[in-house]
Every structure is written in C-alpha cells, then in structure tokens.
Amino acid sequence: MILFRMPKLSIGRRTVPLPIVQGGMGVGISLSGLASAVAGQGGIGVIAGVGIGMLEPDYYQDGRAANIRAMRGELRKARAKTSGFVGVNIMVAANDFHQLLDTCIEEKADALFLGAGLPIRNMPVARIRAAGVLVIPIVSSGRAAELIFKYWQKSYGDVPDAVVVEGPLAGGHLGFRADRLQDADQKLEVLVPQVIAALAPFAAVAGKKIPVIAAGGIYNGEDILKFLQLGAQGVQMATRFVATDECDADRRFKEAYIACRPEDIAIIKSPVGMPGRAIRNRFLDDAAAGVRNVKRCAWRCLEQCDIRHADYCISAALDNARRGLLDQGFAFCGANAHRVESIVPVAELLESLKHEYDAAFIQSLATLRDETIHALENKFARLRQDYVLARQQLAAICDGAGKAWEVRKDSLREDVERTRAMVEQLGRDGETALKKLQALTERFPEKLAELQEIARRFQAGISESRVG
C-alpha cells in the first residue's frame with residue numbers, strides 16, 4: 001500500500017503522475033517499446049535518436065535518411081501504444097541533428113531532450129512552440145545551463161522548459177573530463193543546487209517554473225527522495241530500465257548488467273573523444289591494447305569521430321551489443337549497473353521504486369523526529385544549565401545584598417542616632433535662645449528708659465557748653 005506518493009512532475013503545461021524520466025539510451029536500447037511502457041505507467045518515456053537508423057536495412061547506404069525514417073516510425077509506434085508522455089533524445093553534436101529535430105517537431109513529440117552539445121544556434125523555436133513541443137536541454141553544470149538560457153533569452157525571446165542535470169555517475173558518454181569524475185565539486189548533489197540557482201533569474205523573468213531533473217547514478221526510491229529534497233522536481237534513470245522486459249535491447253545485453261561486478265565497470269576513451277562508462281569485456285580490452293576493429297563507416301554521423309584514426313566504429317559496436325553480440329561490441333552502463341539483480345517488467349520496477357520511496361520517506365520522518373527530539377533535549381539541557389547558573393548568580397547577589405544591607409543598616413543606625421542627637425541639641429539651643437529673647441523683651445523698656453535719660457543728659461551738657 002502506497003502511503004506517501006511521489007509528487008507529480010509538471011513541465012510547461014504538461015503534468016505526469018511520476019517524477020521519473022526514463023533516460024534516452026542510444027543505438028536501439030530505448031525505442032518505442034521501452035518508452036511507451038514507461039509513459040503508460042505514468043513516467044516520461046524517451047526514444048533515443050542516436051544511431052536509431054541502424055535498425056533500418058539501408059543504414060549503410062544512407063544513414064541520414066535511415067535515422068529520420070526510424071525516428072518517425074518509432075514515435076508513431078509509441079503513440080499507437082500509449083497516450084502517455086513520450087519524448088525524444090537527440091545529440092546536438094550529431095551531423096543530422098537538425099533533420100532529426102525537424103522530424104520530431106513534425107511528429108509532435110512531447111519533449112526534446114537535447115544533449116551532447118549546447119542547443120543554441122539555429123533553433124527553430126517558433127516551430128517548436130507552434131507544435132506544442134517542450135524543450136529540455138541536458139547539461140553537466142550550472143554554467144552550461146546559464147549559457148543556454150541567456151542565448152535563448154537574447155536570440156529567441158524565450159527559454160527552455162526544463163533542464164536535466166547529469167552527474168558523473170551516468171552511463172554512456174559523460175560531460176566531464178576523465179580526471180575530474182571523482183572531484184567532490186562535480187557530484188550530482190552539488191550540481192543540482194547550482195543549476196537550480198542558475199535558472200532562478202530566468203524563471204522569474206519568464207514568469208514560469210523551470211523544473212530541474214537530476215540524472216546520473218540514481219538507482220532506487222531512496223535516491224529519488226534525496227534529490228527531490230535537494231530541490232529537483234524529477235529524476236532521470238536509465239540503467240534500471242535496461243533490465244526490464246520492455247527494454248528494446250537483446251536479452252543478452254540485459255544479462256550483461258546482471259552479470260557484471262563493480263570492478264567490471266570502467267571509464268573508457270570513446271572514439272568520439274569523450275570519456276564513457278561501460279562494462280569491460282574482451283572487445284574493450286582489445287581496443288585498449290591497440291587492436292583496431294574497423295570495417296566501415298556508414299557516414300560521418302559525428303564530426304569529431306574520424307574512422308581513419310579510431311580503433312572501432314562506436315555506432316557499430318553499440319549496435320552489435322544491442323543485438324546481443326557482445327564479442328563484437330560493448331554495453332554502456334551507469335555506475336550502479338552491478339546492483340541490478342533481475343530482469344522485470346517496467347510496471348514492477350516502477351512499483352518497487354514507489355515502495356522504496358515510501359520507505360525512505362518514512363525513514364526520513366523518523367530521522368527528522370529523532371533529530372528534533374535530540375535537538376530539543378540538547379536545548380532543554382542548555383536551558384536547565386542556564387537556569388541553575390541563574391539561580392546561583394541570584395543567590396550570590398542576594399547573599400551579597402544581605403551582607404551589604406547589614407553593613408549599611410548599622411551605618412544608618414549610627415546616622416540616625418547622630419541626627420537625633422543633633423535635633424535634641426538644636427532643641428535645647430532653641431529653648432535657651434528663646435529664654436534669652438524673652439529676658440531681653442522683658443528688660444527692653446527699662447533699658448530704653450536708661451538710654452533716653454543718657455541722651456537727655458548728653459543733650460543738656462551740650463547746651464550748657466554753648467552758653468558758657
């Protein structure tokens with residue numbers, strides 16, 4: 001029973017029930033069979049355009065035409081099987097990129113996942129929008145995302161609808177230098193927040209949400225929850241979908257995933273000049289030893305790949321592997337391919353991812369509860385310590401105040417006694433002064449008569465002296 005359902009994934013005006021994109025796997029691994037199965041179960045199915053024409057009998061006569069025909073045919077097959085969300089993955093670096101792009105627009109694929117290069121120049125944006133097709137670049141850094149969006153904003157007055165950010169644990173060709181695959185700053189956990197931050201200004205100007213889809217090394221429901229909690233709106237998974245009944249590759253290709261061990265997964269140098277992650281086998285060992293296994297090149301599908309200097313044709317090698325001829329080719333894979341244990345239907349795989357997500361969600365709640373309780377316990381312990389310290393400080397203050405009061409009380413008592421003595425003395429002095437005043441008052445008439453007699457005599461004396 002599902003308790004905590006995964007959130008839906010909304011891109012533009014489209015919403016799918018599951019935030020899961022099945023990664024595009026080229027040269028026939030993800031075609032209409034796998035893409036329609038994933039789309040039918042509520043995810044986003046993706047048909048890979050690279051080398052798709054190798055399914056056609058005339059690929060070596062006209063590879064470009066075969067690719068276009070095969071792409072159109074696979075899209076129509078997928079549409080006949082499901083009404084779900086079906087996108088296409090096209091390599092920008094491919095020499096027939098624009099022809100495949102035009103085909104997908106004409107067929108009104110739900111979305112264009114554009115990787116292996118920057119989809120910026122000569123993009124038919126007006127026709128893409130008129131057809132109602134979503135555009136989702138695949139990047140490996142926030143800088144690349146910002147560059148694409150700036151160019152679109154300036155040149156087309158528009159921006160893409162979402163972004164897939166692919167980390168170094170992905171399968172196939174990688175958008176990183178081989179010597180940087182283990183760098184801490186290249187981890188998907190670091191790249192996802194960087195891309196989200198890089199897109200925020202464009203989302204604000206465009207007035208729409210621009211979902212970020214995390215890809216590369218995502219294996220189970222716990223991983224899905226982890227990256228959704230980091231801010232991604234969805235995840236892209238490829239390796240898990242190889243080992244499904246509906247995957248379009250030969251069963252022997254799928255069994256190579258089940259049989260591989262961690263030490264079998266290696267980083268190779270691809271003839272196209274990029275590092276790639278694959279399952280090591282005799283074919284790759286021979287190539288590493290310098291054994292050339294080149295028969296022919298149908299056409300120059302990638303400009304940077306020159307068959308004259310290559311040890312093998314990568315398209316032919318991958319097509320042989322798709323057909324189960326692993327002694328004549330090899331299988332690309334993600335870093336977690338060794339964890340695959342069985343081949344299951346797509347519906348069963350998605351159901352298991354849902355249950356794993358549920359379990360991880362419940363565990364995250366339990367962890368959050370434990371962390372919250374622990375934090376509260378620590379906070380309570382700190383508060384208790386503060387309380388005890390405050391009480392100690394208050395007791396010390398009270399004790400000091402008591403002692404100070406005793407000293408001050410004695411001093412005040414002495415001051416009171418001195419003041420009382422002064423008041424009493426002032427009272428006594430006042431009474432003495434009052435008695436003296438009363439005595440003077442009583443004696444004043446007598447003294448006044450004496451003074452008047454003295455004055456009379458004095459006046460008489462003066463008169464006698466004048467007569468004589």
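Can you pull out the strands (runs of 3 or more DSSP E) entirely within the range 3-120 that have at least 2 residues that are in contact (Cβ under 8 Å) with a residue 40 or more places away in the chain and touching a Cys at 6+ places or on another chain (Cβ under 8 Å)? Walk me through it before giving the result.
Values: elements: 9-11, 14-16, 20-22, 44-48, 85-91, 111-115.
Filter on the range 3-120 gives 85-91.
Listed residues D286, D306; which is at pLDDT below 90, surrounded by fewer than 19 Cβ atoms within 10 Å (Cβ to Cβ), assigned to a helix (DSSP H, G or I) and of a type outside the set (K, R)?
Checking each option against the conditions leaves just D286.
Considering the range 319-344 alone, what residues qualify as being over 18 Å from M25 (Cβ atoms) and either exposed (fewer than 14 other Cβ atoms within 10 Å of the Cβ) or modelled with pLDDT of 95 or more (or both)? Walk me through it before giving the result.
Pass one, the range 319-344, residues over 18 Å from M25 (Cβ atoms): 327-328, 341-342.
Residues satisfying the conditions are D327, E341, S342.
Considering only residues that are in a loop (DSSP other than H, G, I, E, B) and surrounded by fewer than 24 Cβ atoms within 10 Å (Cβ to Cβ), look in the range 134-160 and name the one that is farthest from the chain's Cα centre (by Cα).
Initial filter on the range 134-160 (in a loop (DSSP other than H, G, I, E, B)): 140-141, 157-160.
Going one step further and asking which of them are surrounded by fewer than 24 Cβ atoms within 10 Å (Cβ to Cβ), we end up with 140-141, 157-159.
Working: S140: 14, S141: 13, G157: 27, D158: 24, V159: 21 Å.
Selected residue: G157.
Quick check: anything in the range 42-59 touching a Ser or Thr at 6+ places or on another chain (Cβ under 6 Å) and hydroxyl-bearing (S, T, Y)? Checked the range 42-59: no residue is touching a Ser or Thr at 6+ places or on another chain (Cβ under 6 Å) and hydroxyl-bearing (S, T, Y).
Would you check if P275 is at pLDDT below 90, crowded, with 21+ Cβ neighbours inside 10 Å and not β-branched (V, I, T)? So P275 fails the test. Of the residues making up the range 256-272, those that are surrounded by 16 or more Cβ atoms within 10 Å (Cβ to Cβ) and more than 17 Å from D285 (Cα to Cα) are Y257, V272.
Could you pull out every one of the strands (runs of 3 or more DSSP E) wholly within the range 190-275 that has 3 or more residues that are over 18 Å from the mean Cα position of the chain (by Cα) and not polar (S, T, N, Q)? Spell out how you get there, then give the answer.
Details: elements: 212-215, 234-237, 265-269.
Those strands (runs of 3 or more DSSP E) span 265-269.
Across the range 161-185, the qualifying residues are those that are over 22 Å from the mean Cα position of the chain (by Cα) and of a type in the set (D, E, K, R), and the one among them that is surrounded by the fewest Cβ atoms within 10 Å (Cβ to Cβ) is D179.
The values are calculated or read from the model by the stated rules, or taken from the named source; none is laboratory data. Only a predicted model underlies this, so the values are computations on that prediction, with no experimental measurement involved. Counting neighbours? That spans all protein chains shown, and the Cβs are built from the backbone with ideal geometry, glycine included.
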